[in-house]
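**Student:** Got a structure for you, written out below as structure tokens; questions coming shortly.
Computed from the coordinates by the stated procedures, all read-outs in this text should not be read as laboratory data. Computed from a predicted structure; not experimentally measured. Every residue, glycine as well, gets a Cβ built from its backbone with ideal geometry; the counts of neighbours run over all protein chains shown.
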Amino acid sequence: MRILVLDVPCENVALTDYAPHLLNEIKHGWALIKSDFIREIYMRQDRPGVAFFVEAESVEKAKEVCAEFPLVKAGLVDFDYIPLGNYLFVEQLFAEEHKG
């Protein structure tokens with residue numbers, strides 16, 4: 001299952017609070033990219049942060065894996081998880097009433 005994961009900064013956290021954890025955060029993210037769990041990763045353009053796509057058997061499994069990020073363990077960030085499926089509305093183009 002493809003899942004869009006969006007970071008959610010915890011309240012009352014300053015950008016400077018992240019600094020001691022960033023190197024380990026990047027290393028952990030790279031390990032997840034190499035393991036093919038993270039399929040795509042992007043820098044957010046609306047605010048500091050990341051958005052990434054993961055491949056997991058369920059949202060629960062994605063949460064389990066993402067709970068190991070150093071920033072999550074430090075209580076600085078959390079994530080929103082949006083499960084995605086194939087876009088099937090294209091099938092309507094092949095319905096009998098559209099053939100012609």
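**Student:** Just to be sure I understand: with springs between alpha-carbon atoms less than 10 Å apart, which residue in 13, 77, 54 has the highest mean-square fluctuation in the Gaussian network model of the chain?
**Tutor:** 13
**Student:** Right, next: Can you give the relative contact order of the chain as a percent, counting alpha carbon pairs under 8 Å and 6+ residues apart? Each step should come with its number before you reach the end.
**Tutor:** On the way: 121 pairs, mean separation 43.5, N = 100.
Contact order relative to length: 43 percent.
**Student:** Would you please name the GluC sites (Glu not before Pro) within the range 1-52 that are DSSP coil residues with at most 10 other C-beta atoms within 10 Å of their C-beta?
**Tutor:** 11
**Student:** Could you tell me which label, among (i) 19.4; (ii) 13.5; (iii) 15.3, carries the value of Kirkwood radius over Cα pairs in Å calculated for this structure?
**Tutor:** Entry (iii).
**Student:** Among the trypsin sites (Lys or Arg not before Pro) within the chain, which fall in a DSSP loop and have no more than 10 other Cβ atoms within 10 Å of their own Cβ?
**Tutor:** Of the trypsin sites (Lys or Arg not before Pro), the ones in loops of the chain whose Cβ has at most 10 other Cβ atoms within 10 Å are 99.
**Student:** Now for a separate question. Considering lysine pairs in the chain that are 8 or more places apart or on different chains, how many have Cα atoms under 21 Å apart? Each step should come with its number before you reach the end.
**Tutor:** On the way: 27/61; 27/63; 27/73; 34/61; 34/63; 61/73; 63/73.
Step by step, the pairs that qualify in the chain add up to 7.
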